[in-house]
Amino acid sequence: MDNGQIISAAWRLTWRYRFLWVLGLFAGGPIGSCTPGTGGQFNTDRFNRDDSNGTDLANGDFDAGQTLDDFGAWLGDHLGLVLAVAALVVLVVLALFVIRLIAQGGMARATAQIAAGERPSLGEAWRAGLRLLPRFFGLFLIQIGLVLALLLIAGIVIGVPVGIAAASGGDGLGAAAAVVAGIGVLLFLLSLILVVPLTISVTYAYRFIAMEGAGAMAALGAGWRLLRANVGASLLLWLISIALGIGAGIAIGIAIVIALIPLAIVGVVIYFAAGGGATVVYAAGAAMVAFAALWVLSGINSTYFWHYWTLAFYRLTGRAVAAV
């Protein structure tokens, strides 16, 4: 398999089908979060008065107990607002999670169609993501279950010697600690050994779901079998993707730094010309622009790797790659 051709073809497809960047904004990982405002403020009079506890922040004194009391009083006064904000945050997180799964399904289907020589649209990709949502959610649940199982096994393996040592009245705690440390190292190495095959298998499973309509468990099994049949090629593809990801991260970081230099210079000029208030407003706007630019670059990066693994999947499964 010509990995160099896959690398270059993935970039050509990424640039040619730029509408997929929209899905890449959500499909590739965390997209950040916004913290809603509380809509209220603390009563500053409480902090600036000289009360019975002698708390007077204006004179540099600080009473942690009084501060906690003030916070508790504010929380009691604004409990409804706090609960509403918490509910809103939960809803936003759930909405982003659902959008992420839809974007992953749409991206998997669209990149497969493009590799086959078809020309999907953004609307088609989104509708495909909606249809695949239950299966992608099932695959997510399987991954969570596997992770929890590994954590449970690790907890049992580590907890048993510690519990035995504690039950014996403390005798042998040093030996138990040494055993636990050794087991911890072995479990860490074992997790690395298991995580890589699982990651590759899930990557293939996305394509089996999108292209063959397989169920979540069946797709993961098919991904595992494809990995076993192509261990060397799959590991090489994974190592190349890691190297490309590191290179892309460095390039994005350099681009952000280069962009921040003139922004910082402008900020200094605004500070001396218009004062601190205007500088704060400018800094907030510049931060939003920088975040948006970083998000777009991350979306492009995500789209590239979806093409990369789809093209690799086509080659490993013997499918003709019409797009290349």
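Values quoted throughout were computed directly from the atomic coordinates according to the rules given, and no laboratory measurement underlies them. Keep in mind the model is a prediction, meaning the values are calculated, not measured. Heads up, the Cβs are rebuilt from the backbone with ideal geometry, glycines too, and the neighbour counts pull from every protein chain shown.
Quick check: the distance between the Cα centres of the stretch 252-324 and the stretch 103-117, to the nearest angstrom? Cα centres, the stretch 252-324 to the stretch 103-117: 24 Å.
Going by C-beta contacts inside 10 Å, put His307, His78 in order with the fewest on the left. Each step should come with its number before you reach the end.
Values: His307 26, His78 17.
Going from least to most buried by this count: His78, His307.
Viscosity 0.890 mPa s, temperature 25 °C: give me the Stokes-Einstein translational D for the stretch 188-289 in µm²/s, with Rh taken as the Kirkwood radius over C-alpha pairs. Spell out each step's value before the answer.
Details: Rh = 17.6 Å.
After rounding, the answer is 140 µm²/s.
Subtracting the Cα-Cα distance of Ala248 and Leu189 from their residue separation scaled by 0.36 nm leaves 18.5 nm.
Given R₀ = 25 Å, FRET efficiency for Glu212-Ser8 by Cβ-Cβ distance, to 0.05?
On the way: r = 27 Å, r/R0 = 1.09.
Calculated value: 0.40.
For Ser298, Ser8, the sequence from fewest to most other C-beta atoms within 10 Å is Ser8, Ser298. Exposure proxy shown here: for Ser302, Ser121, the number of other Cβ atoms within 10 Å sets the order, fewest to most, as Ser121, Ser302.
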